[in-house]
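Notes follow the structure.
The values are calculated or read from the model by the stated rules, or taken from the named source; none is laboratory data. Being a predicted model, the structure only gives us computed values, none of them experimental. As a convention, Cβ positions derive from the backbone with ideal geometry for all residues, glycine included, and neighbour counts pool all protein chains shown.
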Amino acid sequence: MTTGTGSGTGTGTGSGIRFDGVTVAYGHHTVLDSLDLTVEPGEVMALLGPSGSGKTTALRAVAGFVQPASGRVFIGDRDVTALPPHRRGIGMVVQQYALFPHMRVEDNVAFGLKAQRAQKAQKAQKTPRGEIAGRVAEALEMTGMAAYARRYPRELSGGQQQRVAIARALAIRPNVLLLDEPLSALDAQLRSGMLAELARLHRELPDVSILYVTHDQVEALTLADRIAVMDKARLQDCGTPQDLYRRPRTEFTASFVGNANLLPVTVGAGGIAFEGTELKVPVLDAAPGSPATLCVRPHLVGLGDGPNALRGRIAEVQWRGSTHRLYVDVQGHRVTADVRELRETPALGDEVTLHFAPEDGVLLGAGVTDG
């Protein structure tokens, strides 16, 4: 489904989204729990999390498709909690496109604009009939679909249909663009291309706030200015992609934003101990003897001698083109290393040494702060 709702930037209410203690429940089942989150004007915020984490519910609360049990939703400076979807000034794109098969591309894109004219409550804000064709042409040009205006959806590829869906949402010139898993139905190559197109659109629409729901880490890391990590109906973490990837604050964030080795360790006087092996990583404000979790990203783990050496045996090897992914059993714990240009592949059961730089280890746990 793709919707164009409201009169867009013409309302003068500004962009930006704010969740103020928003809770959504179905009966006794809470699907979004006390969400406090702000999307700044012009920002791309990705809601990242597994199925059932509450991310789509948060987006639907902004769209007006679900009513919060408590809390308020703001778009710009307006409290829109009680407003119907068509009065919120938003565009929305979801994964199944929902183009009308009997309409040509240009008519699909014009649908939201024509719907505005039909809303008697917004007669003063309706788009003049003569402007609709210009708006449609502008949106199709922006999404690279101007040459396909007279085609029907069945004559388009999946990626082209998604571009039309985005053009329809943009035609109403929304303050806020909501994207709910918009690329999940595309294959890997099309998804990569559409990510680049969405990034370009963001540069061309610097005043539009974008809320992007996804379970795909690459999409979130590639497109978002900030990522809000959701799990079990609650916001778990929020920060820039670089911060969440390089210095995650929780085990869930570390494991969900990229791949991570998470190893149980004990804090020592000048470092940490992992299964009796002394390792050096930055440690601040953690009492000796405190349990913690060591996080090291697989691409920062090297093969061969070096600092923070760990001995283990090869449990699995996967060739991934530019890298080999090694799974190594280190004293009962599986450690993953992504190694480039591995000319001789170790055999299963071979004993190997892994290592990582002290500054590449991050400690997670109560009372632990990385330096």
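Say we look at the stretch 309-347 and pick out the residues that are closer than 22 Å to Tyr245 by Cβ and touching a Lys or Arg at 6+ places or on another chain (Cβ under 6 Å); which of these is surrounded by the most Cβ atoms within 10 Å (Cβ to Cβ)?
It comes out as Asp338.
Only residues in the stretch 41-65 that are within 14 Å of Ala228 (Cβ to Cβ) count as the first member; pair them with residues that are in a helix (DSSP H, G or I) and acidic (Asp, Glu), Cβ under 8 angstrom, at least 6 apart or cross-chain, and list the lot.
From residues that are within 14 Å of Ala228 (Cβ to Cβ), the pairs are Ala46/Glu219.
Are any residues in the stretch 228-242 assigned to a strand (DSSP E or B), buried (at least 19 other Cβ atoms within 10 Å of the Cβ) and in contact with an Asp or Glu (Cβ under 8 Å, 6 or more places away or on another chain), and if so, which ones?
Ala228, Val229, Leu235
One line per residue, one yes/no per condition, for (1) in contact (Cβ under 8 Å) with a residue 12 or more places away in the chain; (2) touching a Leu at 6+ places or on another chain (Cβ under 7 Å); (3) crowded, with 23+ Cβ neighbours inside 10 Å:
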site	(1), (2), (3)
Ala169	yes, yes, yes
Leu195	yes, yes, no
Arg200	no, no, no
Asp216	yes, no, no
Glu219	yes, yes, yes
Gly268	yes, no, no
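Pairs, please: C-beta under 6 Å, at least 6 apart or cross-chain, first residue assigned to a strand (DSSP E or B) and β-branched (Val, Ile, Thr) and in the stretch 325-337, second surrounded by fewer than 16 Cβ atoms within 10 Å (Cβ to Cβ) and modelled with pLDDT of 95 or more?
Short answer, once both residue conditions are applied: none.
Look at the stretch 19-52 and say how many of its residues are in a strand (DSSP E or B) and under 23 Å from Val218 (Cβ atoms).
Selection size over the stretch 19-52: 7.
Taking the stretch 277-295, which residues are touching a helix residue (DSSP H, G or I) at 6+ places or on another chain (Cβ under 6 Å) and either within 23 Å of Phe252 (Cβ to Cβ) or surrounded by 20 or more Cβ atoms within 10 Å (Cβ to Cβ) (or both)? Outline the logic, then answer.
Going through the stretch 277-295, the residues touching a helix residue (DSSP H, G or I) at 6+ places or on another chain (Cβ under 6 Å) turn out to be 280-281, 293, 295.
Listed by number, the residues that qualify are Val281, Thr293, Cys295.
Scanning for something among the hydrophobic types (A, V, I, L, M, F, W, C) and either over 23 Å from Arg18 (Cα atoms) or not in a strand (DSSP E or B) (or both), does the stretch 173-180 turn up at least one residue?
no
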